[in-house]
1. In which sequence would T178, T61 go, from the one with the fewest C-beta neighbours within 10 Å to the one with the most?
2. Rounded to the nearest 500, what is the chain's calculated 222 nm mean residue ellipticity when only DSSP H runs of at least 4 contribute -39500 (n - 2.57) each, over all residues?
3. Size of the dipole of the stretch 96-203 about the Cα centre, Lys and Arg at +1 and Asp and Glu at -1 on the beta carbon, nothing else charged, in debye to 20?
4. Put a dot 7 Å past each Cα toward the Cβ at E310 and K275; how far apart are the dots in nm?
5. Report for the stretch 1-147 the percent antiparallel among DSSP-assigned beta bridges with both residues inside it, nearest 5.
6. Kindly work out what percent of the DSSP beta bridges joining two residues of the stretch 77-175 are antiparallel, to the nearest 5.
7. Give a residue-ordered list of calculated ³J(HN,Hα) values for the stretch 222-238 (Karplus: 6.51 cos²θ - 1.76 cosθ + 1.60, θ = phi - 60°; whole Hz; x for Gly, Pro).
8. Taking Cα pairs under 8 Å and at least six residues apart, what relative contact order does the chain come out at, in percent?
Amino acid sequence: MSSPRGKIPYSRQSIDEDDIREVVAVLRSDYLTQGPKIRKFEAALASYCGARYAVVFSSGTAALHGAYFAAGIGAGDEIITSPITFVATSNAALYLGARPVFADVDPATGNIDPELIEKAITGKTKAIVPVDYAGNPVQLDIIRGLAERRGIKVIEDGCHALGASYRGKKIGSISDMTAFSFHPVKPIATGEGGAVLTNDEKSYEKLLAFRTHGISQGGPAALEYPAPGGWYYEMQFLGFNYRLTDIQCALGLSQLRKLDGFIKRRGEIARSHEKAFTGNKWFDLPVVNDDSKPSWHLYPIRFKDEFLDEKPVIFDRLRKAGLVVQVHYLPAYFHPYYRRLGYREGICPKAEEFYKRELSIPVYHGMDDADVETVHKTVFNALREL
Ligand SMILES: *Cc1c(COP(=O)(O)O)cnc(C)c1O
């Protein structure tokens, strides 16, 4: 598949004719939303990941909000997460009046460092929210172990990591809850969209109600008052309209069938990047844990000391040459909103350094071999001029 306007982005969706047919079929059907495609997509996601339940949401952000709510997180509570993430991870805690506490990362992978999580735990900690950065799974065994000892939950931000595995298990089947995103740059696309996967029935029920205004989804047995008639329903807590449409779920179902192929192609491209760039003098390559199979949502390179100051120049050169590279991420607490909340530079020095070094070069399933070669040539050209 060729790229729009000849540019090669750091990531993008692939949509083919059967995706389009599935969406059009929904447009001709009785239900555009709240119809049969939702449960079908949820069942397919749960089965793919090996989890008992999946609840789809209107975005990955809404999914995180739902997961935190279902975990009972509220005003005065704390969650521990990584600053090397998209701001939605910590914002969703703020929505509930909780405080995000940032723990520093492993400088090689950009993933949260389990030892530093342990140091950040207080009496107010309700959940650890590790982020599988770039689709490279965090050390879930260690993180789960320390959460279990303290009686707190692990809510994994797997927005990069649908299709990735850790010690032979799919991401989505391991943590108390795992949130995914189906934004077009992520492993599968529904336009906007997300999901929470869990094995816990109580969380599942809360997630279902939270997605639809806090209206009980549990039938007559779940009502607080006797039903005076068949029309009756109850809103039992303050939820949101965070539903995903049938149009989007049809696209999600069709995309999910291709996910393994997408991941395979991303892996091939990552190996090709590794082959082309191994031993170069300008930057280090991404590091993957031995016990994981990543989804390669991103291909994060890290500039070496001597070339750090040149990153902005190289960034502009690459963009001008048609590679839509990006930096993932500005540490969440660097954003003005977080600074105004009192977060200061220096909280997580390794994350701040990771941010200074990092640049995401293109890796996505729609790249053909010519695109991959263009990336290699363009990167070498931009760097040789240093
Ligand atoms: C994309 C993303 C989100 C938010 O997902 P949306 O679907 O865009 O709302 C949250 N966390 C991470 C790590 C992400 O990459």
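FYI, it's all coordinate maths here, none of it is from the lab. These numbers come from a predicted model, not from an experiment. Heads up, the Cβs are rebuilt from the backbone with ideal geometry, glycines too, and the neighbour counts pull from every protein chain shown.
1. Lowest to highest Cβ neighbour count: T61, T178.
2. -11000 deg cm²/dmol
3. Here the size comes out at about 260 debye.
4. Roughly 2.6 nm, to one decimal.
5. Counting DSSP beta bridges with both partners in the stretch 1-147, the antiparallel share is about 10 percent.
6. Expressed as a percentage, antiparallel bridges in the stretch 77-175 total about 20.
7. Listing the rounded values in order: 8, 7, 8, 10, x, 6, x, x, x, 7, 6, 9, 10, 9, 9, 8, 7 Hz.
8. Value for the chain: 24 percent.
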